[in-house]
Amino acid sequence: MIQNERDCRHEHVLDVARQMMTAARTAPKGKGIDVIETALVTGEGLKKLSDKMIAMAEELGMKFFLRDAANILQAECVVIIGTRELAQGLNCGHCGFSTCAGRAEGVPCAINSVDVGIAIGSACAMAADMRVDTRVMFSAGLAAQRMEWLKECKSVFAIPVSASSKNPFFDRKPKETTTK
């Protein structure tokens, strides 16, 4: 049997993306409390994510959403990683408030924010170890968050994944400006 790399690349990238989700899951968490959620976006989900980003570019007037929306369509898949909100009860003040109880509604627990950052770094390290291309995208993560693909997550980031001759997520050209 002979397998050409071009014929098995897509499945390989999906396997790497699943390993990235495991790396995010096993990343260290503040107080050992796991508030991380992950999911894998493939197929038609990529088009839905891209379409949402295009709509958000118009709504927010942020032209980089257009560039990123086009970029998502060049990915084999997208890993989304988010954090549910859970104050850790440390009264550390890193969120800007002296106590967890005094924290204003909608202000994220800083420990949760650090946890999602560590999970993202761990996932990207796995991808680098497996020699696939990635880029962390706030824009696609916000679109996934608005689509509620990770239930109860207040902070979501996206990592498109690709294995091609040239990394499509760097040296990107800006798209046209939005109407706003």
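The values are calculated or read from the model by the stated rules, or taken from the named source; none is laboratory data. Bear in mind that the values here come from a model prediction, so they are computed numbers and not experimental data. Cβ: placed from backbone, ideal geometry, glycine included. Neighbour counts: every protein chain shown. Ligands, DNA and RNA are stripped out before the accessible areas are found, and what is left, the full protein with its side chains, is counted by its heavy atoms. Shrake-Rupley method; radii C 1.70, N 1.55, O 1.52, S 1.80 Å.
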May I ask for the distance between the Cα centers of region 16-39 and region 55-77, given as a whole number of Å?
26
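Can you give the relative contact order of region 54-100 as a percent, counting alpha carbon pairs under 8 Å and 6+ residues apart? Let's see the in-between values first.
Values: 24 pairs, mean separation 8.8, N = 47.
This gives 19 percent for region 54-100.
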Rounded accessible area per residue of region 34-93, 1.4 Å, Å²:
41
Check: in the chain the Lys pairs 8 or more apart or on separate chains whose Cα atoms fall under 15 Å apart number 4
Would you work out which of ALA24, MET56, THR38 lies farthest towards the positive end of the dipole of region 8-61, given +1 charges on the beta-carbon of Lys and Arg and -1 on that of Asp and Glu, about the Cα centre?
ALA24
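Quick check: convex hull over the Cα atoms of region 88-180, volume per residue in Å³, rounded to an integer? Could the numbers behind the result be given before it?
On the way: hull volume 14.5 nm³, N = 93.
Residue-normalised Cα hull volume stands at 156 Å³.
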Report, to one decimal in Å, the Kirkwood hydrodynamic radius for the chain based on all distinct Cα pairs.
17.2
Sparse-neighbour loop sites [GluC sites (Glu not before Pro); region 48-109; at most 15 other C-beta within 10 Å; DSSP]
GLU85, GLU105
Karplus-derived 3J(HN,Hα) from phi for region 54-68 (6.51 cos²θ - 1.76 cosθ + 1.60, θ = phi - 60°), whole Hz, x at Gly and Pro, runs 5, 4, 5, 4, 5, 4, 8, x, 10, 5, 5, 5, 5, 4, 5
Square roots of five times the Cα gyration tensor eigenvalues for region 98-149, Å
28, 16, 7
Selection from LEU86, VAL136, VAL107, by position along the positive dipole direction of region 55-180 (Cβ)
VAL136
Rough spin-label spacing in nm, given labels placed 7 Å along Cα→Cβ, for ARG25 and ARG6:
3.5
Pop out the ³J(HN,Hα) list for region 87-104 in order, Karplus 6.51 cos²θ - 1.76 cosθ + 1.60 with θ = phi - 60°, rounded to Hz; leave Gly and Pro as x.
4, 8, x, 8, 6, 7, x, 5, 7, x, 10, 6, 9, 5, 5, x, 5, 5
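Grab the DSSP H runs of the chain that are 4 residues or longer, score each as -39,500 (n - 2.57), total them, divide by all residues and round the 222 nm result to the nearest 500 deg cm²/dmol. Mind dumping the intermediate values first?
Details: 5 runs with 77 residues, N = 180.
The per-residue figure over the chain is -14000 deg cm²/dmol.
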Work out the length of the dipole vector of the chain about its Cα centre, built from +1 on the beta-carbon of each Lys and Arg and -1 on the beta-carbon of each Asp and Glu, and round it to the nearest 20 debye.
320
Ignoring ligands, DNA and RNA, please state the percent of accessible area on the chain from carbon and sulfur, probe 1.4 Å.
53
